Amino acid sequence: MRGAMPREDNDMKIDIGIDTAKREEIAKSLSRVLADTYSLYLKTHYFHWNVTGPMFQTLHLMFETQYNELWLATDVIAERIRALGVMSPGTGKQFAALTAIAEDETVPAAQDMIRKLVTGHETVARTSREAFKHAEDANDQPTCDLLTQRMQIHEKTAWMLRSLLE
């Protein structure tokens with residue numbers, strides 16, 4: 001199964017009202033959300049360390065707030081994958097294979113950092129919206145709730161960042 005780790009093999013079968021195939025499909029889509037979130041966390045932290053220019057103080061503090069929120073989100077997403085009975089991805093190789101967030105190998109100018117973070121937040125919102133379809137189809141309200149919260153955060157953060165470019 002590409003995109004999600006194999007289920008745990010134990011005697012306690014999961015019976016939460018969602019069949020195994022649907023739980024695995026939801027976990028697979030959540031694994032992409034997790035990989036995007038983690039990749040955006042790394043990008044935001046990287047920009048926090050390396051931002052320069054007249055907006056340094058504002059962006060340095062803003063990026064710190066954002067990467068802390070992303071860091072906490074990775075745990076919530078990974079734990080939902082585990083609650084569905086699937087092993088969560090957690091290696092750089094796994095995340096690289098799953099993410100839609102491009103890495104930055106050079107340090108962009110501050111304005112370009114903002115643009116790249118807007119794009120990153122919008123990407124996670126789209127990935128979350130796609131995952132939502134799988135959760136909704138399976139009547140998985142906890143995952144729908146988690147994804148709704150994530151979309152709200154990413155869309156608001158993209159708007160706030162975009163406002164700095166006007």
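Every read-out reported here was derived from the displayed coordinates using simple, explicitly stated rules and does not represent laboratory data. Just so you know, these numbers come straight off a predicted model, no measurement behind them. Methodologically, a virtual Cβ is constructed for each residue, glycine included, from the backbone with ideal geometry; neighbour enumeration extends over all protein chains shown.
Extension gain, residue 46 to residue 129: 0.36 nm times the residue separation minus the Cα-Cα distance gives 27.3 nm. Return the single residue from 114, 16, 81 with maximal mean-square fluctuation; model: Gaussian network over the chain, springs between Cα atoms under 10 Å. The residue with the greatest mean-square fluctuation here is 16.
Distance distribution note for the chain: the fraction of Cα pairs above 29 angstrom is 23%.
Between residue 13 and residue 156, what is the label-point separation in nm under the 7 Å Cα-to-beta-carbon projection? For the pair residue 156/residue 13, the computed spacing is 4.2 nm. Around the Cα centre of segment 30-163, unit charges on the Cβ atoms of Lys, Arg, Asp and Glu (plus for the first two, minus for the last two) sum to a dipole of about 120 debye.
When the Cα positions of 159, 67, 33 are compared along the charge dipole of the chain, 159 comes out farthest toward the positive end, with charges on each C-beta of Lys, Arg, Asp and Glu.
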